[in-house]
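Structure, as structure tokens:
The values are calculated or read from the model by the stated rules, or taken from the named source; none is laboratory data. Just so we're clear, the structure is a prediction, and the values are computed from it rather than from any experiment. Cβ placement follows ideal geometry from the backbone for every residue including glycine, while neighbour counts extend to all protein chains displayed. Remember, those area values only see protein heavy atoms, side chains included, never the ligands or the DNA or RNA. Shrake-Rupley method; radii C 1.70, N 1.55, O 1.52, S 1.80 Å.
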Amino acid sequence: MRHIALEVLKERKVKILSAVIHHYIKTGKPVGSNVLIEECDISLSPAAVRNLMAELEEEGYLTHPHTSAGRIPTDKGYRYYVDNLVKLQGFAVEEEERIRKEYEQKHNEIEGLLSETSRILSGLSRYTGFVMTPKTQYDEIRNIELMQIAKEELLIVLLTESGMIKHKRIEAFLTQGQLSRLKNFLNEKLRGVSVAQANKRIVSEIRDFRQNENEILKTVKKISDVFYNMRDDIYIDGTSNVVAIPDFNDFEPLKSLIRFNEDKEKFIEIINKDFDDNGVNVKIGSENTLAELKDLSMVTTVYKNGERVVGVLGIIGPKRMEYQKMMLLVSRVSEILNKFFKDKE
């Protein structure tokens with residue numbers, strides 16, 4: 001009998017925790033026992049509900065702001081909800097169709113598609129959406145073009161297998177004949193090679209140039225540095241959406257997101273930690289490694305080029321978010337992006 005009583009108690013706690021989180025997500029207001037009984041179909045006495053809520057608070061799942069009698073979820077409470085209460089179900093047909101229509105009229109250029117993806121994530125979530133471009137070091141080189149755009153300025157155009165186009169200018173001047181020989185050399189040696197390997201490959205192959213090709217040799221070394229210093233990029237959209245969230249009494253969350261937009265390398269470093277994770281990943285408040293994100297939650301997943309993971313996308317919003325809907329959103333957008341890469345092959 002004792003065992004049954006414990007199971008019943010656990011079920012009641014889970015039901016109350018779920019009801020508190022759902023109501024708080026919907027209203028943004030602390031939830032009291034009377035609200036649970038009157039609006040959330042909790043068929044227990046007010047005293048029993050208060051006792052269970054007090055136990056949930058002692059266990060770290062709920063807290064109460066200031067002197068309010070109502071409770072709100074803690075990071076631990078949200079985590080339990082995400083891990084145990086949220087089950088991914090299908091989007092409504094109209095929501096699925098809405099996401100797909102957002103992509104229908106977009107250009108084939110991957111940069112335009114990824115930029116649009118961050119906008120879609122932001123627009124549908126009403127939070128901040130972001131997409132990391134295909135990870136440069138794993139991306140393979142498809143073609144390299146060289147153009148002399150000024151007397152001492154050479155433009156390098158790199159097309160990767162994922163469809164990314166990278167531009168870089170260097171100081172150099174080559175004749176048309178030298179340009180042709182260098183372009184043929186680079187494409188012959190680097191086509192199908194990852195960007196991360198390109199620098200070493202160039203260094204090992206430049207012996208093919210004779211010493212009297214000194215100008216080409218110097219240019220090759222500069223191009224080698226371009227590959228060595230090539231960095232990942234990220235599209236971020238909707239940072240101002242945080243301003244409209246009533247949960248925040250100051251602008252610190254907004255300042256954090258603006259700093260990420262300005263210092264993308266720092267943000268990319270954080271996102272890269274989710275690069276090897278399959279499925280949907282949720283970090284709630286203090287679970288984020290940076291203090292700037294302690295009042296926010298981040299929902300991410302990866303997208304693929306074929307079977308290979310190439311990037312990360314997701315949303316950032318308040319801890320009081322509809323986790324089920326946000327997890328579904330990033331999952332569906334990832335699936336559509338995966339299909340784009342598959343159809344492009």
Residue match in segment 296-314 (condition: at pLDDT below 85, part of a helix (DSSP H, G or I) and of a type in the set (Asp, Glu)): no
Residues of segment 141-161 satisfying the condition of being crowded, with 21+ Cβ neighbours inside 10 Å and not aliphatic (A, V, I, L, M): 160, 161
In segment 307-320, the residues that are hydrophobic (A, V, I, L, M, F, W, C) and either without any contact (Cβ under 8 Å) to a residue 12 or more places away in the chain or surrounded by fewer than 24 Cβ atoms within 10 Å (Cβ to Cβ) (or both): 309
The lone exception for residue 58 - which of (1) within 15 Å of residue 21 (Cα to Cα); (2) free of Cβ contacts under 8 Å to residues at least 12 places away in the same chain; (3) of a type outside the set (Lys, Arg) it fails: (1)
Those residues of segment 204-227 which are among the aromatic types (Phe, Trp, Tyr) and at pLDDT below 75, in sequence order: 209
Unique match (being among the hydrophobic types (A, V, I, L, M, F, W, C), free of Cβ contacts under 8 Å to residues at least 40 places away in the same chain and assigned to a helix (DSSP H, G or I)) among 270, 336: 270
Some residue of segment 67-79 being modelled with pLDDT of 85 or more, crowded, with 20+ Cβ neighbours inside 10 Å, within 22 Å of residue 232 (Cβ to Cβ) and in contact with a Ser or Thr (Cβ under 7 Å, 6 or more places away or on another chain): no
Pairs where the first residue, in segment 23-41, is farther than 12 Å from residue 69 by Cβ and the second is open to solvent by 50 Å² or more (accessible area, probe 1.4 Å) and in a loop (DSSP other than H, G, I, E, B), C-beta under 6 Å, 6+ apart: 25/322; 28/246
Enumerated helices (runs of 4 or more DSSP H) restricted to segment 128-231, each holding at least 1 residues that are under 37 Å from the mean Cα position of the chain (by Cα) and within 30 Å of residue 331 (Cα to Cα): 195-205
Test: residue in segment 258-268 that is modelled with pLDDT under 80, in contact with a Phe, Trp or Tyr (Cβ under 6 Å, 6 or more places away or on another chain) and either open to solvent by 80 Å² or more (accessible area, probe 1.4 Å) or hydrophobic (A, V, I, L, M, F, W, C) (or both): yes
Conditions (1) open to solvent by less than 40 Å² (accessible area, probe 1.4 Å); (2) modelled with pLDDT under 85; (3) within 30 Å of residue 315 (Cβ to Cβ): number failed by residue 138: (1)
Where a residue in segment 169-190 is closer than 18 Å to residue 152 by Cβ and its partner, wherever it lies, is in a loop (DSSP other than H, G, I, E, B), with Cβ under 8 Å and at least six apart: 171/152; 172/152; 173/151; 173/152; 178/213; 182/174
